[in-house]
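The values are calculated or read from the model by the stated rules, or taken from the named source; none is laboratory data. Owing to the predicted nature of the structure, the values given are computational and were not obtained by experimental measurement. Cβ placement follows ideal geometry from the backbone for every residue including glycine, while neighbour counts extend to all protein chains displayed. For the accessible areas, the whole protein counts, side chains as well, though only heavy atoms, and no ligand, DNA or RNA atoms are used. Shrake-Rupley method; radii C 1.70, N 1.55, O 1.52, S 1.80 Å.
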Amino acid sequence: MDKFEEQIKAAQKAYEPKDTFIDATMQHIAAHHPRRRWSAKVWAPALAGVAVVALVLVALPISSRTIHSSNSNSTTTTASQTQPSTSTAQGSSNTTSHPSAGGTDNASLENDLGGVQHSMSQENNDQSSANSALNDQQNEIATPTS
Amino acid sequence: MADVPQDRAVIAEIREGNHECYRQLVERYHRGLIQHLYNMTQDGVAAEDIAQEAFVRAYQKLAQYGEAYAFSTWLYKIADNIAFRQLKQTKHMQDIDELEELIPDDRPTPAETFDRALSAEAVRGAVSGLPLEYRQTITLFYWENRSYEEIAELLERPIGTIRTWLHRAKEQLRKELYGQV
């Protein structure tokens, strides 16, 4: 290294950074990444809420679909009952798929039976309420008025 | 300067979620980085601002750090990119103006030449007036005692190019300070 190079080397001026540099930098980093600080506190409840809403949104259509399917099964049962000979006449290969269809038919028949029983009990209730009303009228007639 | 195994352990901790560990890297490298940037800019406030931005960017992009080279080298590259952009936008023209003020048009007398040659301020002013690549090569080689290999890695240039830049930078400095090549 010649004299000129030594002069270049000696020309460096040392700079002392501020004492606050490290803290300021760490604060700057934290300010640029706020989500890193509160991600667990915010995202976990938010995700739980979204999950609950999603469950409700999924469960409601499924329950209504089951009601619809039971209704449609009952109608298809009545439709299939009108032409039982065609399926049996088509051959023995079709009979392999019948057990499951028969199961659903039984279920729909039970549903229908339950519905009929419900309507019968409703009619009985109506009848009893009509009877009680009639009794009330008769009591009013029987009661002497001054 | 760089402690590569320890840096990698700290970076692994940060990646596992212990973000406060980044403070260790800031504490370890901030002085060297700020001095490096001060050598480039000759402006303490600008050096600290660039260093802070470099630390923030390095933190944000820590997932992209591939450990192909030392963390300090990667950090210095980020800082140099920021410094280059800022110097090209604002400081470069100011440096040239300052240099023109420092060095009069008429050639100095031998006594004046000797005094000015001894003046570290004059050398720093002349270094500030060099093109960015020359300035960085001079500061890395003479002021930060980096080897040709380290400078080549940092500036992503072949070693031969670094040698050429250093030679031309010295020629230009000699011309600026002594009025001769």
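Data table
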item	result
Hits among lysines - C-alpha to C-alpha of residue B:88 under 30 Å, sequence gap 8 or more where chains match	A:9, A:13, A:18, B:61, B:77, B:170, B:175
Surface accessible to a 1.4 Å probe, residue A:3 within the full protein complex, Å²	130
Spin-label pair residue A:56/residue A:141, simplified geometry with 7 Å Cα→Cβ offset, distance in nm	5.5
Phi-based couplings in Hz for region A:17-29 (Karplus 6.51, -1.76, 1.60; Gly and Pro marked x)	x, 5, 5, 7, 4, 5, 5, 5, 5, 5, 5, 4, 5
Extension gain from residue B:164 to residue B:132, taking 0.36 nm per residue of separation minus the Cα-Cα distance	10.1 nm
Integer Hz, Karplus 6.51/-1.76/1.60 couplings in order for region A:44-61, x for Gly and Pro	5, x, 5, 5, 4, x, 4, 5, 5, 4, 5, 4, 5, 5, 7, 5, 4, x
Under Karplus coefficients 6.51, -1.76 and 1.60, residue-wise ³J(HN,Hα) of region B:53-63 in Hz, glycine/proline x	5, 5, 5, 5, 5, 4, 5, 5, 9, 4, 5
FRET efficiency, 1/(1 + (r/R0)^6) with R0 22 Å, evaluated for residue A:46 and residue B:18 via beta carbons	0.35
Residue order for A:120, A:26, B:40, A:1 - accessible surface, 1.4 angstrom probe, largest first	A:1, A:120, A:26, B:40
